[in-house]
Amino acid sequence: MSDGNALIRDKTAIAGIGTTEYVRDIGRTEQETSLEVIHEALADAGLAATDVDAIFKVETPGEASISELAVARNLGLPNLRAWGGTDYGGGAACGPIVHAVMAIATGMASVAVAFRARNRGSGTRPWSKTGARVGSNMAFESPYGLVGPVQQLALVARRYMHEFGVTSEQFAQVSVTQRAHAARNPRAFFRDPITVEDVLASRMIADPLHLLDCSLETDGACAIIITSAERARDLKQMPVFISGASQGMGPRHYMMNGLMYKDDPFDMPPAYAAKDVYACAGMGPGDIDVAQFYDVFSPMVLWQLEAYGFCKPGEAGPFVEEGRIDWPAGELPVNTHGGSLSEAYVHGFNHVLEGVRQLRGTSTCQVENAEVALVAAAAVVPTSALILRR
Amino acid sequence: MTMLADRPLPEITPLTEPFWAAARERRLVMQRCDDCKAYRFPPEVGCYACSSMNSAWEPVSGRATLYTWTAAYPPLLPYFAERAPWPIAVVQLDEGPRLTTNIVDVPYEEYVFGMALQADFQQLDDEVALVVFRRAD
Ligand SMILES: [Zn+2]
């Protein structure tokens, strides 16, 4: 392995984390919960609001986001030296942190906040606001009934089953494994164990995907404090160093159904983010002790296992079925908090928090002696990834 | 206030108008790069294969094979919810590009990978004719 990217590798650290409860209806606005979790993350780090000089947030196509102006005013910040939104929703689970790393490693800022608040339990589904006239590539999709992410994913999932012999039982195993992890996690929304038979018996949402192959719809918010490795060493928590940070889009991409326009729909963004995040960290798949993969629908975990090099294309189905992502026995425990399938749907920010907990030694499915964690954002949209180490 | 969709219809732009104009005449056309001859769909200003901004619309055969499919169940937009489960297909034209579409004369249980299909047209209003597919003879 190479020595990695000397400008980025281990130059910054996650110093604090904050989260709300995860519930169906939190009863507060996304702006309120954003501020709450930022305060909590700052307290966790042992920093004051006035130490913050950078804010990075998530953008989602078709959705309003909370402005940095409002966050800065309401935190009482004297100045903001760097800010920005990173687009593509679940693909930006790590993206705002990637930008925070760049700002801090280059000296543009000293303490950055990355946050995501989403009321997707009490709020409306974005696709339900589809207008009477639809533009962009969706003009060639929505009139045929292809409107929501689950149908877009189902098209890719069916082709994946056909090309590689992957089964619905193997998709279901992802949900079953993650529910077993969630059963130990008091924050998790769903904690009752389920079986493969339960997943297959749950109602069909978009053939071949059943209800229990799909993410939760919850309200919640998460915040993360990023600062220099040097400064983090003097703060309250054991620093979690950011060894690798990357974004990746790949060629000729649209949003989720765009995969169907490419010559090879399995030429997905995470393969590009993987190459760069490993190069940045000077590491490979063999160095990873635990992984948190974006999992809005169960097949997405399989695609990330392949893209991040834990198995060959088409081999993730058997990999999952053999228990290799299970905690504690599997070689690569995945989504040890329960993920979007069982803990909460916060656009993958809760996955970053779980990566941090694993390295602090505070996960409810703690991987013994975990030293390196991979966190990866959504597989079928322009994506992002982090390699964290203690 | 945006009007919410019953069945959403395409927004027709100067870039996409040639596609929809041809569909109104029951013809299927595809945008093709003048320089490297790559077909591209959906329509774009520049070529994904060679970056050229020169392109023309060319008739294609309408012959295609079934590439993948799903059936959508509620919750859905009202039009599709009332008709659920609602089948959606992706087909690959013999010329290469893939389209999202509906297959109009094949029961869902009979969908098979690679099934031979032929383009047809479904006039929804004065402006919009959707490109749909039927089983090829
Ligand atoms: Zn070209």
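Table for the structure above
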quantity: Residues of the stretch A:14-55 with amide N under 14 Å of a point placed 7 Å along Cα→Cβ from residue A:70; calculated: A:28-36
quantity: Heavy atoms of residue A:200 accessible to a 1.4 Å probe, total area in Å² rounded to 10; calculated: 60
quantity: Among A:244, A:348, A:323, residue whose mean-square fluctuation peaks in a GNM of chain A (springs only between Cα atoms under 10 Å); calculated: A:323
quantity: P(r) tail fraction, the stretch B:13-135 - alpha-carbon pairs more than 17 Å apart, %; calculated: 61
quantity: Accessible area buried at the A-B interface, both sides summed, 1.4 Å probe (Å², nearest 100); calculated: 3700
quantity: Of all DSSP beta bridges in chain A, antiparallel share, percent nearest 5; calculated: 70
quantity: Most mobile listed residue (A:128, A:65, A:340) in chain A, GNM with C-alpha springs under 10 Å; calculated: A:128
quantity: Share, in percent, of DSSP beta bridges within the stretch B:13-135 that are antiparallel, nearest 5; calculated: 95
quantity: Under-5 Å amide H pairs with residue A:327, H placed in peptide plane, nonlocal only; calculated: A:334
quantity: Distant-in-sequence amide H partners of residue B:52 (H built 1.01 Å from N, under 5 Å); calculated: B:47
quantity: For the stretch B:13-135: relative contact order, % (alpha-carbon pairs under 8 angstrom, 6 or more apart); calculated: 24
quantity: Entries in A:57/A:262; A:57/A:275; A:236/A:275; A:11/A:57; A:11/A:312 that, when Cα-Cα distance is taken, lie over 27 Å; calculated: A:57/A:262; A:236/A:275; A:11/A:312
quantity: Cα gyration tensor category, rounded, prolate or oblate, for the stretch A:84-210 with a/c compared to 1.5; calculated: oblate
quantity: Leading residue at positive end of dipole, the stretch B:13-135 (Cβ point charges), from B:122, B:62, B:16; calculated: B:62
quantity: Sequence-distant residues sharing a close amide H with residue B:63 (under 5 Å, placed H); calculated: B:94, B:119
quantity: With every protein chain in place, the protein assembly as shown: carbon and sulfur % of accessible area (1.4 Å); calculated: 51
quantity: Net charge of neighbours whose Cβ lies under 11 Å from the Cβ of residue B:118, counting Lys and Arg as +1 and Asp and Glu as -1; calculated: -1
quantity: Charge dipole (debye, nearest 20) of chain B; +1 at Cβ of Lys and Arg, -1 at Cβ of Asp and Glu; calculated: 260
quantity: Electrostatic dipole magnitude of the protein assembly as shown [Cβ: Lys, Arg +1; Asp, Glu -1; Cα centre; debye, to 20]; calculated: 700
quantity: Nearest-0.05 FRET efficiency for residue B:12 and residue B:113, computed from C-beta distance (R0 30 Å); calculated: 0.40
quantity: Among A:133, A:360, A:252, residue whose mean-square fluctuation peaks in a GNM of chain A (springs only between Cα atoms under 10 Å); calculated: A:133
quantity: Accessible area per residue in Å² at 1.4 Å probe, computed on the protein assembly as shown; calculated: 37
quantity: Over chain B: helical MRE at 222 nm, DSSP H runs n ≥ 4 each giving -39500 (n - 2.57), nearest 500; calculated: -2000 deg cm²/dmol
quantity: FRET efficiency estimate (nearest 0.05) - Cβ-Cβ, residue B:122 to residue A:200, R0 41 angstrom; calculated: 0.75
quantity: Lys/Arg +1, Asp/Glu -1 at C-beta; the stretch A:71-143 dipole; positive extreme among A:121, A:102, A:143; calculated: A:121
quantity: Angle in degrees between helix A:168-182 and the longest Cα principal axis of chain A, rounded to the nearest 10; calculated: 30
quantity: Value at 222 nm in deg cm²/dmol, rounded to 500, when DSSP H runs of n ≥ 4 in chain A each add -39,500 (n - 2.57); calculated: -9000 deg cm²/dmol
quantity: Among A:19, A:37, A:378 - extreme Cα towards positive end, dipole of chain A, charges at beta-carbon; calculated: A:37
quantity: 1.4 Å probe, heavy atoms, protein only - residues of the stretch A:245-262 losing at least 40 Å² accessible area vs chain alone; calculated: A:252, A:254, A:260, A:261
quantity: Stokes-Einstein diffusion coefficient of the protein assembly as shown, Kirkwood radius over Cα pairs, 25 °C, 0.890 mPa s, in µm²/s; calculated: 103
quantity: Local net charge near residue A:217, Cβ-Cβ under 12 Å (Lys/Arg +1, Asp/Glu -1); calculated: +2
quantity: Under Karplus coefficients 6.51, -1.76 and 1.60, residue-wise ³J(HN,Hα) of the stretch A:55-70 in Hz, glycine/proline x; calculated: 9, 10, 9, 9, 10, 10, x, x, 10, 6, 10, 7, 6, 4, 3, 5
quantity: In sequence order, calculated HN-Hα J values of the stretch A:330-345 (Karplus, 6.51, -1.76, 1.60; Hz; x Gly/Pro); calculated: x, 6, 9, x, 10, 6, 6, 9, x, x, 6, 6, 9, 7, 5, 10
quantity: With all protein chains modelled, accessible area of residue B:27 [1.4 Å, Å²]; calculated: 110
quantity: 1.4 Å probe, heavy atoms, protein only - residues of the stretch A:130-155 losing at least 40 Å² accessible area vs chain alone; calculated: A:130, A:132, A:133, A:140, A:143, A:144, A:145, A:151, A:155
quantity: Interface residues in the stretch A:201-243 - accessible area drops by 30 Å² or more relative to the isolated chain, probe 1.4 Å; calculated: A:204, A:205, A:207
quantity: Shielding by partners - mean other protein chain Cβ count within 10 Å, residues of B:124-133; calculated: 1
quantity: Size of the stretch A:299-390 as Cα extents on the principal axes (Å, biggest first); calculated: 33, 30, 24
quantity: In order through the stretch B:116-130: 3J(HN,Hα) via Karplus (6.51 cos²θ - 1.76 cosθ + 1.60), integer Hz, x for Gly, Pro; calculated: 6, 10, 9, 5, 9, 10, 10, 6, 9, 7, 4, 9, 10, 10, 7
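The values are calculated or read from the model by the stated rules, or taken from the named source; none is laboratory data. Nothing here was measured: the structure is a model prediction, and the numbers come from that model. Note: ideal-geometry Cβ built from the backbone for every residue, glycine included; neighbour counts use all protein chains shown. Surface accessibility is based on the protein's heavy atoms, side chains included, excluding ligands, DNA and RNA. Shrake-Rupley method; radii C 1.70, N 1.55, O 1.52, S 1.80 Å.
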